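The values are calculated or read from the model by the stated rules, or taken from the named source; none is laboratory data. Bear in mind that the values here come from a model prediction, so they are computed numbers and not experimental data. Counting neighbours? That spans all protein chains shown, and the Cβs are built from the backbone with ideal geometry, glycine included.
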Ligand code: SF4
């Protein structure tokens, strides 16, 4: 993933996974309120912005993660979303990751010309526990989308996705623990179960991070943010397997100015290290 596009900011807490929402936490550090929802005017047209020579500033082939400080299908954003759909349609050469917990709002808020789905959309439904997975994923399976993913983050309970993965529709499962001011632990056994299920159905699996508290073999590990990704990679629970032997803890994370907002490091280079 290359970059983030937040056409609006702020959100209303929606389900138990929102309890320690990182956007609320980061806003509180700046004396702001995460519940203040507003259109980000300075960034709203990011995908279609051009240079003086007429080139798009976001290069062809990029992937943009959309609404990382909100929810793409947030009700308060209904009047802004049509303009966003138009920009997404204009940039067929860019992939847009859309993420939501508001599964029941998706169908009614797709563009009129959606058809069998825009080719440049990857739609991710978030499910923090089995209850939310069973509510939301059947809706995801019923929507025409070319690329479907499930994000179990923050994973706060054991989840099995077997019956959903066997449909062959889900291309990727992601798992992360709870970070920032969250204290609900992630269990290795939960991650391993999903990894095994993805392995069985040949679905990609990304163990993004351990979260603050990671429990393995009855031992609780307190993991600082900069190393949550490192520990997840060291577990080897990745599909396709990206290998674990060459991963080293890099001290640059400690100085990285992005360490409070990045999803953990694949040594993306943006920290300047
Ligand atoms: S839906 Fe996402 S952005 Fe909105 S409150 Fe919940 S965790 Fe935060």
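Data for the structure
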read-out	value
Positions within the stretch 98-109 being in a loop (DSSP other than H, G, I, E, B) and in contact with a strand residue (DSSP E or B) (Cβ under 7 Å, 6 or more places away or on another chain), in sequence order	101, 106
Output for the stretch 1-37, where each listed residue is surrounded by fewer than 18 Cβ atoms within 10 Å (Cβ to Cβ), more than 14 Å from the ligand (Cβ to nearest atom) and not in a loop (DSSP other than H, G, I, E, B)	3, 29
Meets criteria (within 16 Å of the ligand (Cβ to nearest atom) and either under 20 Å from the mean Cα position of the chain (by Cα) or at pLDDT 95 or above (or both)) for residue 52	no
Matching option when the condition is in a strand (DSSP E or B) and within 25 Å of residue 226 (Cα to Cα), among 194, 123, 174	174
Close pairs (6 angstrom Cβ cut-off, 6 or more residues apart or separate chains): within 9 Å of residue 99 (Cα to Cα) in the stretch 62-77, modelled with pLDDT under 95 and more than 12 Å from the ligand (Cβ to nearest atom) anywhere	65/1; 65/4; 68/4
Scope the stretch 69-97; condition within 16 Å of the ligand (Cβ to nearest atom) and either crowded, with 21+ Cβ neighbours inside 10 Å or part of a helix (DSSP H, G or I) (or both); matching residues	70, 71, 72, 73, 74, 75, 76, 77, 78, 80, 81, 97
Qualifying residue in the stretch 167-186 (condition: crowded, with 18+ Cβ neighbours inside 10 Å, on the phi > 0 side of the Ramachandran plot and either modelled with pLDDT of 95 or more or more than 20 Å from the chain's Cα centre (by Cα) (or both))	no
